Amino acid sequence: MITVPFNPSPTAAPPFTAVVNLDGASYSLTAMWNFYRGAWYVSLTDQSGYLVIFQPLIGSPPDANIYLAPGIFKTSTLLYRVSTAAFEIGP
């Protein structure tokens, strides 16, 4: 499992971005704050700019996994772990 610390920057635009590898391909993971809802939203785009997911950032508790892109990838998983403030990429 690979962890990517979620450290958003108040001065960067977008506030958080990282390149992650899922099923052997690189994807851009972006998180932005939605002022209206008061929550983080996450998007995942492939190398061509195709939007794979765009949804609220739902955090997993320490004892359960809530996947951010269920059924999209064959072997890879992506989740956000609240207790460690990090994205987890598996298997």
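Looking only at region 71-84, which residues are modelled with pLDDT of 95 or more, exposed (fewer than 12 other Cβ atoms within 10 Å of the Cβ) and not in a helix (DSSP H, G or I)? Hits for region 71-84 are K74, T75. If the condition is being of a type in the set (F, W, Y) and in contact with an Asp or Glu (Cβ under 6 Å, 6 or more places away or on another chain), then region 47-77 contributes only F73.
Filter region 1-46 down to residues that are of a type in the set (S, T, Y) and farther than 24 Å from K74 by Cα, then give me how many there are. Lay out the reasoning, then the answer.
Within region 1-46, the subset of a type in the set (S, T, Y) is 3, 9, 11, 17, 26-28, 30, 36, 41, 43, 45.
Okay, now just the ones that are also farther than 24 Å from K74 by Cα, so 9, 11, 36.
Residues in region 1-46 being of a type in the set (S, T, Y) and farther than 24 Å from K74 by Cα: 3 in total.
Mind listing just one residue for me: the one in region 47-62 that is in a loop (DSSP other than H, G, I, E, B) and of a type in the set (S, T, Y) and, of those, surrounded by the most Cβ atoms within 10 Å (Cβ to Cβ)? Within region 47-62, the match that is surrounded by the most Cβ atoms within 10 Å (Cβ to Cβ) is Y50.
Regarding region 36-46, can at least one residue be identified that is under 18 Å from A18 (Cβ atoms) and exposed (fewer than 14 other Cβ atoms within 10 Å of the Cβ)?
First, the residues of region 36-46 that are under 18 Å from A18 (Cβ atoms): 40-46.
Remaining after also requiring exposed (fewer than 14 other Cβ atoms within 10 Å of the Cβ): 46.
Within region 36-46, one or more residues are under 18 Å from A18 (Cβ atoms) and exposed (fewer than 14 other Cβ atoms within 10 Å of the Cβ).
The lone criterion from (1) farther than 21 Å from S9 by Cα; (2) in contact (Cβ under 8 Å) with a residue 60 or more places away in the chain left unmet by E88 is number (1).
Per-residue answers, yes or no, for (1) free of Cβ contacts under 8 Å to residues at least 12 places away in the same chain; (2) of a type outside the set (D, E, K, R); (3) not in a strand (DSSP E or B):
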{"residue": "T3", "(1), (2), (3)": "no, yes, no"}
{"residue": "A12", "(1), (2), (3)": "yes, yes, yes"}
{"residue": "V19", "(1), (2), (3)": "yes, yes, no"}
{"residue": "Y27", "(1), (2), (3)": "no, yes, no"}
{"residue": "Y36", "(1), (2), (3)": "yes, yes, yes"}
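If the condition is being polar (S, T, N, Q) and under 17 Å from Y27 (Cα atoms), then region 44-91 contributes T45, Q47, S48, Q55, T75, S76, T77.
The values are calculated or read from the model by the stated rules, or taken from the named source; none is laboratory data. Predicted model, so just to flag it, every value in this text is computed and none were measured. Ideal geometry is used to build each Cβ from the backbone, glycine not excepted, and the neighbour counts take in all protein chains shown.
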